[in-house]
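Please read through the structure below; I'll follow up with questions.
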Amino acid sequence: MSANSDDAERLVDVVLVKRGRTKLRYPAELLQDDGTRIVVRAPFAGGAVRDFGFVRFEPGDVFTEYYWRDRWYAVMEVRDPAGALKGWYCDIARPAVLTAAELVVEDLDLDLWRSADGTDVRRLDEDEFAESGLTRTDPRAAAAAVAALDELEALARTERFTALLA
C-alpha cells in the first residue's frame, strides 16, 4: 500500500533489536509503504555525537531510512541540519516488520558506509558479527547476512546504489 496523506503524517516507533534486546527505540514519520519497501524520516536518535572517524552523526542530523520486507538490509540516508548529504549508513538486518505502531528491525551486526560522493565504501563491524555466534546459532541467517553485505557493497560501489532509494 502506498502512504496516502493520512499515512504521511503517521508516526511509528522504529525498534532496533540486537541479540534479542531492544537496542534503540525512536519515533519516526512514516513517509511511504508500498508493501515491500518502507520509508521513514527521523532526527538523529543517538543523543550525543557519534564520531566514527570517517563521519560524525550529530544532534540535528536527519535520517531518511529505507527498510524492506524482503531484503536483509536497511539504508539510512544521513543529512546535516542544513540538508547537505553526509552519506549512507547501511545496517545488515533481517527483513523489517511493520505493525500499526512499530517498525521492528533485527540488527545482525554487519554494517556498511558509503560517503556522499561514493568514494568511501567500507564494511563495518565484521568483528562484532564474528563474535555474535550467529554462524553457529543460525547459519542460514548468517549466510543471508553475509550475502546481503556483499550485494550492498557491490551496489554501493556503483551509481546504481541510489536507484535503491528512488
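Based on the mean of other Cβ atoms within 10 Å per residue, sort peptides 54-67, 11-24 so the most packed one is first. Show your work: numbers first, answer last.
Values: 54-67: 17.4, 11-24: 14.6.
The most tightly packed comes first, giving 54-67, 11-24.
Order of 44-52, 146-154, 29-37 by packing, highest average Cβ count within 10 Å first?
Values: 44-52: 12.3, 146-154: 17.2, 29-37: 15.0.
The peptides rank, most packed first, as 146-154, 29-37, 44-52.
With +1 on each Lys and Arg Cβ and -1 on each Asp and Glu Cβ, and nothing else charged, work out how big the dipole of the chain is about its Cα centre, in Debye to the nearest 20. List each step's numbers first, then the result.
Working: 22 positive and 32 negative charges, 41 e Å.
Here the size comes out at about 200 debye.
In segment 4-118, carbon and sulfur make up what percent of the accessible area (probe 1.4 Å)? The partial results should precede the final answer.
Numbers: 2570 of 5210 Å².
For segment 4-118, the apolar C and S fraction of the accessible surface comes to 49 percent.
So if each residue of separation counts as 0.36 nm, and I subtract the Cα-Cα distance between residue 158 and residue 119, what length gain in nm does that give?
13.1 nm
Convert 10 °C to kelvin, take the viscosity as 1.306 mPa s, use the Kirkwood radius over C-alpha pairs of segment 5-140 as Rh, and evaluate the Stokes-Einstein diffusion coefficient in µm²/s, rounded to a whole number.
This corresponds to a translational diffusion coefficient of 102 µm²/s.
Please report how far the C-alpha centroid of segment 57-79 lies from that of segment 105-166, rounded to the nearest whole angstrom.
13 Å
Note down the nm distance, to one decimal, between modelled labels 7 Å out along Cα→Cβ at residue 11 and at residue 48.
2.6 nm
Right, something else. What FRET efficiency comes out for the pair residue 140/residue 41, r = Cβ-Cβ distance, R0 = 25 Å, nearest 0.05?
Computed FRET efficiency for residue 140 and residue 41: 0.15.
Full-extension gain between residue 62 and residue 150, please, as 0.36 nm times their residue separation minus the C-alpha to C-alpha distance.
Values: separation 88, 0.36 × 88 = 31.68 nm, distance 2.65 nm.
My answer for the length gained is 29.0 nm.
Still on this structure, please answer the following. Between residue 128 and residue 101, 0.36 nm times their residue separation minus their Cα-Cα distance comes to what? Mind showing how you got there, number by number?
Numbers: separation 27, 0.36 × 27 = 9.72 nm, distance 3.00 nm.
Between residue 128 and residue 101, full extension yields an extra 6.7 nm.
Provide the net charge surrounding residue 53, with neighbours chosen by a C-beta distance below 12 Å and charges set as Lys +1, Arg +1, Asp -1, Glu -1. Display every interim value, and only then the final one.
Working: positive: 50, 56, 122; negative: 51, 120.
After counting each charged neighbour, the total is +1.
How much area per residue is accessible in the chain when the probe is 1.4 Å and only protein heavy atoms are counted (Å²)? Can you show the working numbers first?
Details: 8360 Å² over 166 residues.
Averaged over the residues of the chain, the accessible area is 50 Å².
The values are calculated or read from the model by the stated rules, or taken from the named source; none is laboratory data. Because the structure is predicted, anything quoted here is derived from the model rather than measured. Note that we place each Cβ from the backbone using ideal geometry, even for glycine, and neighbour counts take in every protein chain shown. Side chains included, ligands, DNA and RNA excluded: accessible areas come from the protein's heavy atoms. Shrake-Rupley method; radii C 1.70, N 1.55, O 1.52, S 1.80 Å.
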